[in-house]
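These notes concern the structure reproduced below.
The values are calculated or read from the model by the stated rules, or taken from the named source; none is laboratory data. Predicted model only: the values in this text are computed from it and were never measured. Quick reminder, even Gly has a Cβ in these numbers, built from the backbone with ideal geometry, and neighbours come from all protein chains shown. To get the accessible areas, we keep the full protein, side chains included, count just its heavy atoms, and leave off ligands, DNA and RNA. Shrake-Rupley method; radii C 1.70, N 1.55, O 1.52, S 1.80 Å.
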Amino acid sequence: MPKNVNQSDCWDREEFESQLRAQGAAYHIHHPYNVMLNTGQATKTQIRGWVANRFYYQQSIPIKDAAVLAACDDREIRREWIQRILDHDGYGDDPGGIEAWIKLGTATGLSREEITDLRHVLPGVRFAIDAYVNFARTRPWQESVCASLTELFAPAIHKQRLATWPEHYPWIESGGLQYFRNRVSQARRDVEHGLSITLDYFNTAELQQRALAILQFKLDILWQISDAMADRYGLPDRAPLPTLAEISQNADTN
Ligand code: AHQ
């Protein structure tokens with residue numbers, strides 16, 4: 001947090017929103033792993049690894065949102081926020097986003113069991129996502145609302161996948177992409193609510209600088225998830241790091 005922030009440096013709502021949106025330059029849509037995925041360069045292993053690791057993020061989101069609800073003392077905000085949990089866990093006849101993500105996984109050739117038992121989740125992915133859930137459990141709920149605003153940039157990434165994956169990965173059955181179709185409108189609705197709360201609550205120069213730092217923290221979480229997958233599954237111009245099993249096997253043969 002920069003010190004000596006003068007109140008005269010407090011932005012109006014329009015400038016504050018503009019400053020938040022400018023942080024989109026660090027959004028994981030620009031990460032080499034996502035560029036590889038969305039330009040058709042990913043192998044089936046790199047796609048399956050991404051889906052299996054992102055499942056841990058998807059199943060953690062409603063847990064994170066329940067922590068926000070538990071801390072939020074505003075009934076009107078809770079009445080809207082609870083929709084995020086229902087969107088992922090499902091309700092009534094709607095099986096929800098976690099189920100849709102499993103459908104994406106089975107459409108890529110993963111088994112339901114190997115998705116849900118988290119066997120493929122990498123340490124760096126788990127640590128980053130657990131840091132997000134723990135943030136929501138320990139920080140003021142308004143800060144967790146601010147952290148969710150990486151979704152300012154999410155409609156673009158979902159639309160990019162919908163525009164490119166069918167052409168690049170025709171072997172993925174179209175129904176597997178339903179999660180992305182659902183999220184375009186859900187993300188827009190979530191952001192409208194979260195941005196309004198954020199612009200209201202972070203209303204001093206120092207709080208606005210805190211908001212930018214919170215958003216950067218969440219951007220770093222998303223970036224780290226892709227870093228961990230790039231290390232494990234490689235990039236078009238970079239081989240995967242050896243796994244522990246490969247290291248042990250090499251040691252045995254040397
Ligand atoms: O599918 C995503 C989702 O449900 C959420 C909730 C929100 C939050 O509360 O932090 N963030 C988020 C995101 C989802 N998908 C990611 C993607 O790349 O598919 C993007 C991610 C986000 O931008 O934070």
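Scanning the range 70-97 for residues that are in contact (Cβ under 8 Å) with a residue 40 or more places away in the chain, open to solvent by less than 60 Å² (accessible area, probe 1.4 Å) and away from the ligand (no atom under 12 Å from the Cβ) gives A71, C72, I77.
Taking the range 30-39 only, how many residues are in contact (Cβ under 8 Å) with a residue 24 or more places away in the chain and open to solvent by 30 Å² or more (accessible area, probe 1.4 Å)? Let's see the steps before the verdict.
First, the residues of the range 30-39 that are in contact (Cβ under 8 Å) with a residue 24 or more places away in the chain: 31-34, 36-39.
Now restrict to residues that are open to solvent by 30 Å² or more (accessible area, probe 1.4 Å): 32, 39.
The number of residues fulfilling the criteria is 2.
Quick one: which of A163, A147, A128 is in a helix (DSSP H, G or I), out of contact with any helix residue (DSSP H, G or I) (no Cβ under 6 Å at 6 or more places or on another chain) and among the aliphatic types (A, V, I, L, M)? I'd like the intermediate steps shown before the answer.
Values: A147 fails: out of contact with any helix residue (DSSP H, G or I) (no Cβ under 6 Å at 6 or more places or on another chain); A128 fails: out of contact with any helix residue (DSSP H, G or I) (no Cβ under 6 Å at 6 or more places or on another chain).
Only one candidate passes the filter, namely A163.
Listed by first and then second residue, the pairs with beta-carbon distance under 7 Å, at least 6 apart or on different chains, first residue in the range 238-254 and under 23 Å from S226 (Cα atoms) and part of a loop (DSSP other than H, G, I, E, B), second open to solvent by 70 Å² or more (accessible area, probe 1.4 Å) and modelled with pLDDT under 90, form an empty list. For the residues S148, S185, S226, the requirement of being within 14 Å of the ligand (Cβ to nearest atom) and in contact with a Gly (Cβ under 8 Å, 6 or more places away or on another chain) singles out S148.
Taking the stated definitions as given, is A22 within 15 Å of the ligand (Cβ to nearest atom) and small (G, A, S)? Break it down into steps so the answer makes sense when it comes.
Working: within 15 Å of the ligand (Cβ to nearest atom): no; small (G, A, S): yes.
Answer is no for this residue.
Among the candidates E246, E143, single out the residue that is at pLDDT 95 or above and not β-branched (V, I, T). Give the steps one after another, and end with the answer.
On the way: E246 fails: at pLDDT 95 or above.
So the residue among E246, E143 that is at pLDDT 95 or above and not β-branched (V, I, T) is E143.
Can you pull out the residues in the range 205-220 that are open to solvent by less than 10 Å² (accessible area, probe 1.4 Å) and within 15 Å of the ligand (Cβ to nearest atom)?
Here is the first cut: in the range 205-220, the ones open to solvent by less than 10 Å² (accessible area, probe 1.4 Å) are 205, 208, 211, 214-215, 218-219.
Scanning the range 205-220 gives A211, I214, L215, K218, L219.
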